[in-house]
């Protein structure tokens, strides 16, 4: 019985990974004999061939083929394996990688059920990135002409193919190309296939990045003189198989981005003169032949400017643009609600006359926001930090701090910088962004921030909103990451200040700033304490005449206006429902503190333990706290500082001093 699947593994100097690769094929859940493994050693020098022979021993469905001389790329060993394959399907697996146990069974079932000739298995990156967008959902049947899913998001050959389709159309790998052979094979298979399936609901293929930074079969890539003629064939094939229009433009656009302009990445300036010349000549021929307006649309500004310079024959400027691109990201200019990547020396250079649309960015502005300090300042909540749109002249930016209701739709803003910014550069000029972001401060008046009124109760997350001529960029305000760069002006990690009594639109009048546990985003809890320490100082108790005690304490407030604070001291009898209330006198004691005093009628209280609390009212909202005790409060007659640090009073008959000492001792342990 012929096998259902032939797994073809090209091998070159991959000995450490071979056992896992081979075992993952032998342990597939398909019936015995349904899978054959064909491993082709491309003249390895590290003993990979001998290791394959050892692994194949005792397994009749494992075949090891060996080349006497190496080819330098995976094309030839894959073709050797393909010519020897007997399976209805073939699956290409690299020798660094391995399969999930059900991978082949699921791929074959998908092809059988849907009549498709290619199945794209879900890839799992191991130390490398994979195209997750392609695997958002399983797609039983699609073709290369469908925009979704984007099959061109995966042009690797690491898939399941119906062998008859490959043989009928003579689809094989180019054998003298050190890079690009996967794309040439995969594109032809996509076009000739009656249908393609995308299997996204199982982790099929574990795609491993080598720890030494090299691929399984090669180091480097093909020289330009060999590479570009093969890419020319690929683009010619795509053009022949498609009509002018959106499909052709979409496919060619992908090839220009990944197969053509990728050769001008940050490695290009290090090429020797011959390689740079051959790269420009090869790319120029493809641009002039295939790169119409539709194919260039939606490419990066760098790629579009490259295409313009190549088409115009400005070889020296190509080298200079590649150098500038390799050294730093270009500044961004906002003009008329459009954003441009303003490459210095190229953007709006009169002598070059490169159209602005070549520099037009298709991506939104990116903003960054870092909190360096959060503090209470004269009744305001002050937030210091860096907030800006990246790569844009900061002098042109308007920055606001936005408080957004978590789980709701309300939002309130305050300026991030209470002082005028310096004048911006001339309209449309490519003024470079400052090397170090400026420190900004937002002063939040919690009593007026909500359209002139107090901030409503709830949880509010802090964001930075950056505006430039109607273009907006947004980001959460985060404290610096422990392992990340620290902006200028950032010292130790900012700590959230304590809670404050403040005017609140509804609920208890308390505001507690905090940082979220995982992301470290600045947030405000309004109207509840959330387990934070109450905004009151430890109380002291002193005699105030026979049978009376004077309580003195402070309240931390955030009330820059003339809001009135009312306080009652509540005495609650332990193990009972009786509560006595005493009005406290409240006096201003600086911009962030109210001093309270109250005379407590101890002689009027029945014998027992009385716990002290505060009832604080601001603008119609009321909150209650247990009263913390100052350390010296325990030395006062009748006053006890409990184990949790709160204040209680002990009332006992005068003749029973022993009883009083016992009560104080027991309460101190509570």
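The values are calculated or read from the model by the stated rules, or taken from the named source; none is laboratory data. Computed from a predicted model, the values in this text were never measured in an experiment. Virtual Cβ from ideal backbone geometry, glycine too; neighbours counted across all protein chains shown.
Please determine, by comparing only the residues of segment 560-581 that are buried (at least 17 other Cβ atoms within 10 Å of the Cβ), under 13 Å from residue 617 (Cα atoms) and modelled with pLDDT under 95, which one is farthest from the chain's Cα centre (by Cα). Top of the filtered list is 565.
Only one of 55, 99 is closer than 14 Å to residue 9 by Cα and surrounded by fewer than 22 Cβ atoms within 10 Å (Cβ to Cβ); which? Only one candidate passes the filter, namely 55.
Of the listed requirements (1) within 20 Å of residue 188 (Cα to Cα); (2) without any contact (Cβ under 8 Å) to a residue 40 or more places away in the chain; (3) touching a helix residue (DSSP H, G or I) at 6+ places or on another chain (Cβ under 8 Å), residue 51 misses just one: (1). Filtering segment 74-115 to residues that are assigned to a loop (DSSP other than H, G, I, E, B) and under 36 Å from the mean Cα position of the chain (by Cα) leaves 74, 93, 94, 95, 96, 97, 100, 101, 102.
Give me the strands (runs of 3 or more DSSP E) completely within segment 297-387, filtered to those with at least 3 residues that are within 30 Å of residue 593 (Cα to Cα), ordered by residue number.
367-377
Of all the listed residues (209, 249), the sole one being at pLDDT below 95 and either more than 23 Å from residue 174 (Cα to Cα) or surrounded by fewer than 21 Cβ atoms within 10 Å (Cβ to Cβ) (or both) is 209. Got at least one residue in segment 531-553 being outside the structural domain of residue 405 (by TED's automatic domain parsing), free of Cβ contacts under 8 Å to residues at least 24 places away in the same chain, surrounded by fewer than 21 Cβ atoms within 10 Å (Cβ to Cβ) and closer than 26 Å to residue 644 by Cα? Yes, because at least one residue in segment 531-553 is outside the structural domain of residue 405 (by TED's automatic domain parsing), free of Cβ contacts under 8 Å to residues at least 24 places away in the same chain, surrounded by fewer than 21 Cβ atoms within 10 Å (Cβ to Cβ) and closer than 26 Å to residue 644 by Cα.
Here's the yes/no breakdown for (1) surrounded by fewer than 15 Cβ atoms within 10 Å (Cβ to Cβ); (2) modelled with pLDDT under 95:
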| position | (1), (2) |
| --- | --- |
| 289 | yes, no |
| 293 | yes, yes |
| 304 | no, no |
| 310 | no, no |
| 320 | no, no |
| 328 | yes, yes |
| 334 | no, yes |
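Going by the structure shown, is residue 191 under 30 Å from residue 271 (Cβ atoms) and at pLDDT 90 or above? Answer is no for this residue. Scanning segment 388-402 for residues that are surrounded by fewer than 20 Cβ atoms within 10 Å (Cβ to Cβ) and part of a loop (DSSP other than H, G, I, E, B) gives 390, 391.
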